[in-house]
Amino acid sequence: MIGTEIERLIQLLAKLPGLGPRSARRAALFLIKKREVLMEPLARALTEAAGAVRSCGVCGNLDSVDPCAICADVRRDPAAICVVEEVADLWALERTHAFRGRYHVLGGTLSALDGRTPEDLNVAGLVVRAGSDQVSEIILATSATVEGQTTAHYIADRLAECDVTISGLAHGVPVGGELDYLDDGTISAAIKERRSL
Ligand SMILES: [Zn+2]
């Protein structure tokens, strides 16, 4: 009924988080109707972003430069590193402007169920950074889920030999809460009122 190009577009859109086949069809139709003002600029933006995106060799953030803009920003406090699971969590924290240190993106959590071990996460890089004289505080901002907290305990153990204060987010992050889904005020309060572990 519809051309293969459009069928392919719908199939690819349906792979996006939050979009099933039905909403992918709606999105495709919307794009086609707004071909000049949305579809073509979007296609260009996708191509450019795909060509430009880099993973920061220091912190694991995604940016078009390596080191990323946060790691390269001399106005940011080099003494504090906030450890997050995913880039989405880093973005959520940045939206609040509550934290002016730097980050470390683990790339997930430990999970016996999914077979994710410490080797699958960017922990070794964090241990090296925590060993630097510049760094005095590590804030563990993993999710308030079982896996997030297991990961936080594991990292705290790994950093035991380093001369750093280890802190966690304050209460207010609901159990089971993932940072990216929280409102900015809750995230902001949680990092400002962080506590030593
Ligand atoms: Zn970085």
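Can you tell me how many residues within region 49-83 are farther than 19 Å from Ser132 by Cβ and hydrophobic (A, V, I, L, M, F, W, C)?
Within region 49-83, residues that are farther than 19 Å from Ser132 by Cβ and hydrophobic (A, V, I, L, M, F, W, C) number 7.
If you go through region 123-146 one residue at a time, how many are away from the ligand (no atom under 16 Å from the Cβ), under 18 Å from Arg158 (Cβ atoms) and outside any helix (DSSP H, G or I)?
Number satisfying all stated conditions: 5.
From the list Leu121, Leu126, Leu106, Leu90, which one is closer than 19 Å to Ser55 by Cβ and touching a His at 6+ places or on another chain (Cβ under 7 Å)?
Going through Leu121, Leu126, Leu106, Leu90 in turn, the sole match is Leu126.
Just to verify a result, which residue in region 1-10, among those that are farther than 17 Å from Leu42 by Cα and not β-branched (Val, Ile, Thr), is surrounded by the most Cβ atoms within 10 Å (Cβ to Cβ)?
Quick first cut of region 1-10, residues farther than 17 Å from Leu42 by Cα only: 1-4, 7.
Still in the list and also not β-branched (Val, Ile, Thr): 1, 3, 7.
Values: Met1: 4, Gly3: 8, Glu7: 12.
By that ranking, first place goes to Glu7.
Pick from region 55-82 the residues that are within 6 Å of the ligand (Cβ to nearest atom) and assigned to a helix (DSSP H, G or I): which of them is surrounded by the most Cβ atoms within 10 Å (Cβ to Cβ)?
Cys71
What do you reckon, is Gly51 free of Cβ contacts under 8 Å to residues at least 40 places away in the same chain, closer than 30 Å to Leu121 by Cα and either within 16 Å of the ligand (Cβ to nearest atom) or not charged (D, E, K, R) (or both)? Spell out the reasoning first.
Numbers: free of Cβ contacts under 8 Å to residues at least 40 places away in the same chain: yes; closer than 30 Å to Leu121 by Cα: yes; either within 16 Å of the ligand (Cβ to nearest atom) or not charged (D, E, K, R) (or both): yes.
Spelling it out, Gly51 is indeed free of Cβ contacts under 8 Å to residues at least 40 places away in the same chain, closer than 30 Å to Leu121 by Cα and either within 16 Å of the ligand (Cβ to nearest atom) or not charged (D, E, K, R) (or both).
Looking at (1) touching a residue at least 12 places away in the same chain (Cβ under 8 Å); (2) more than 28 Å from Thr186 (Cα to Cα), find the lone condition where Asp133 falls short.
With (1) touching a residue at least 12 places away in the same chain (Cβ under 8 Å); (2) more than 28 Å from Thr186 (Cα to Cα) applied to Asp133, the lone miss is (1).
Taking the residues in region 88-122 that are in a helix (DSSP H, G or I) and surrounded by 20 or more Cβ atoms within 10 Å (Cβ to Cβ) as candidates, determine which candidate is farthest from the ligand (Cβ to nearest atom).
Ala92
Any read-out appearing in this document is the output of simple, stated calculations on the displayed coordinates, not a laboratory observation. Because the structure is predicted, anything quoted here is derived from the model rather than measured. Cβ sites come from the backbone with ideal geometry, for glycine too, and all protein chains shown count toward neighbours.
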